[in-house]
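Worksheet: one structure, shown below.
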Amino acid sequence: TILKQSTIDMMKTEFINNMTHEIKTPIATIGLACEMLKDNTVDNNESIRSNFVNIISDENRRMQMLIETILQNAKMSNKNFAINRKDVNLHEVINKTANSFKLTLDSKAGEFQIHLEAQSPIIFADELHITNLIYNLLDNAIKYSKESPKIDIRTRSDNNSITLSVKDNGIGISKENLKHIFEKFYRVPTGNVHNVKGFGIGLNYVSQVVSLHNGKIAVESELGVGSSFHITLPLT
Ligand code: ADP
């Protein structure tokens, strides 16, 4: 019990350190950009001025995303948390979410290969949480990639259920670490080999959304080769 508790304490400390850094950086950047805008010479030059305004708006969006994730996570921990189900077209959600990664993918010379093969893509689900779930899986597939990410996204129909698979050709996860990836705050220790930002809550959130929808999650991974996440959701 003590060992478990101290591991949790360590993970929490690391989470708070990361979080502080992640929030301080955009605030400092926004502060600098504001200072620059106060400068008269900048104010007279439209292209420099709009550059600083863009910086402020980008950094602001980054903080919004961050806070959204934290709030969502806190809500999920609340036992009274309810999901809002309605008919959702999973294929539409996948296409929409995948599109939002276009710029990031282009900048890494990566691509999504999308094969939406399920016959009936309509599920009775919470659209927001399903969107966030897909966002998290695609975000990880890109974040933990090597040079140019090739990510295969597919769906297939089974008896009364639909399975979404996201397969990447990224850094992979060892058997030992794979056991822990759905735990809150867990991040695979990297020894600072790569500098990928994160808080270790994305996959914990994914697994909670899946369980709230009475679904199943499976993962296969090989270190240095890549990972596949399979989410199976009941249609009704
Ligand atoms: P994070 O915010 O750190 O990305 P997640 O909960 O989304 O947190 O993931 C937990 C850990 O699992 C990550 O820190 C990473 O080490 C590992 N991981 C998740 N997805 C992948 C993936 N597609 N490829 C390799 N490692 C992954």
Two-site FRET efficiency, A82 against T25, from Cβ-Cβ distance with R₀ of 41 Å, rounded to 0.05
0.75
Quick calc of log₁₀ I(q)/I(0), the chain, Debye, one scatterer on every Cα, no solvent, q values 0.09, 0.13, 0.18 1/Å, result -0.45, -0.90, -1.46
With Cα atoms, 0 to 90° folded angle of helix 90-99 axis to the chain main axis:
30 degrees
Contour minus end-to-end for K96 and K108, with contour as 0.36 nm per residue of separation and end-to-end as the Cα-Cα distance?
2.3 nm
Where the centre of each part is set by its Cα atoms, how far does region 98-125 sit from region 133-170, in angstrom?
8 Å
In degrees between 0 and 90, to the nearest 10, how far off the longest principal axis of the chain does helix 46-77 point, with axes built from Cα atoms?
40 degrees
Suppose R0 equals 41 Å; then what is the FRET efficiency for S120 and D9 from their Cβ-Cβ distance, rounded to the nearest 0.05?
0.30
Once the Cα atoms of helix 127-143 and of the chain are each reduced to a long axis, what angle between those two axes, in degrees from 0 to 90 to the nearest 10, is obtained?
70 degrees
Whole-Hz ³J(HN,Hα) from phi, Karplus 6.51 cos²θ - 1.76 cosθ + 1.60, for region 215-227, glycine and proline x:
x, 10, 10, 9, 9, 10, 7, 9, 4, x, 10, x, 9
Percent of Cα-Cα pairs per 10 Å bin, from 0 to the last occupied bin, for region 142-195, please list those.
19, 39, 33, 9, 1
Would you mind working out the magnitude of the charge dipole of the chain relative to its Cα centre, with +1 at each Lys and Arg C-beta and -1 at each Asp and Glu C-beta, to the nearest 20 Debye?
580 debye
Residue separation times 0.36 nm, minus the C-alpha to C-alpha distance between S57 and E176: what's the value?
38.8 nm
Stokes-Einstein diffusion coefficient for region 165-216 at 37 °C in a medium of 0.692 mPa s, Rh from the Kirkwood formula over Cα pairs: what value in µm²/s?
264 µm²/s
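Values quoted throughout were computed directly from the atomic coordinates according to the rules given, and no laboratory measurement underlies them. All figures in this text were calculated on a predicted structure; none of them were measured in a lab. Note that we place each Cβ from the backbone using ideal geometry, even for glycine, and neighbour counts take in every protein chain shown.
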